[in-house]
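The values are calculated or read from the model by the stated rules, or taken from the named source; none is laboratory data. None of the values given here were measured: they were computed from a predicted structure. Positions of Cβ are backbone-derived with ideal geometry, glycine not excepted, and every protein chain shown enters the neighbour counts. With ligands, DNA and RNA removed, areas are computed over all heavy atoms of the protein, side chains included. Shrake-Rupley method; radii C 1.70, N 1.55, O 1.52, S 1.80 Å.
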Amino acid sequence: QVQLVESGGGLVQAGGSLRLSCAASGSISSILVMGWYRQAPGKQRELVATITRTGGTNYADSVAGRFTISRDSIKRVNLQMNSLKPEDTAVYYCNAKTSRDFWGQGTQVTVSS
């Protein structure tokens, strides 16, 4: 089992920045990939960015060049979000992949125009 706790969401004006963090606990040695997903009202959950154990990263086209995923350690992953747009408004979820998916409780990000 893996437990994930997100922090850092909030309200920001368009063009601003926010930094999300995700702290993992439990069977962290079994985590293969960690990442961030988001879900806007009325839409499906979508991938934002992922990072592997060896540091390989992947980004959605909509955030590439604006968002940066990083890890402080095997237990903490961050998402630096710059040049935020109103369409980035969503609940952001931390994800950890082992032989199955684990999810955090989500953190709200609201970008005002």
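Structural remarks
- Selection of first residues in the range 47-71 that are under 15 Å from Ala90 (Cβ atoms) and polar (S, T, N, Q) and of second residues that are open to solvent by 60 Å² or more (accessible area, probe 1.4 Å) and assigned to a strand (DSSP E or B), restricted to Cβ pairs under 9 Å at least 6 apart or on distinct chains, gives the following pairs, ordered by first then second residue: Ser62/Glu46.
- Condition check for Ala90: loosely packed, with under 15 Cβ neighbours inside 10 Å and under 21 Å from Val12 (Cα atoms): no
- Where Ser70 falls short, out of the listed (1) open to solvent by 30 Å² or more (accessible area, probe 1.4 Å); (2) at pLDDT 95 or above; (3) polar (S, T, N, Q); (4) under 17 Å from Leu11 (Cα atoms): (4)
- Residue, surrounded by the most Cβ atoms within 10 Å (Cβ to Cβ), within the range 10-51, restricted to residues that are within 10 Å of Ala96 (Cα to Cα) and among the polar types (S, T, N, Q): Thr50
- Verdict on Thr50 being β-branched (Val, Ile, Thr), within 21 Å of Leu11 (Cα to Cα) and at pLDDT 95 or above: no
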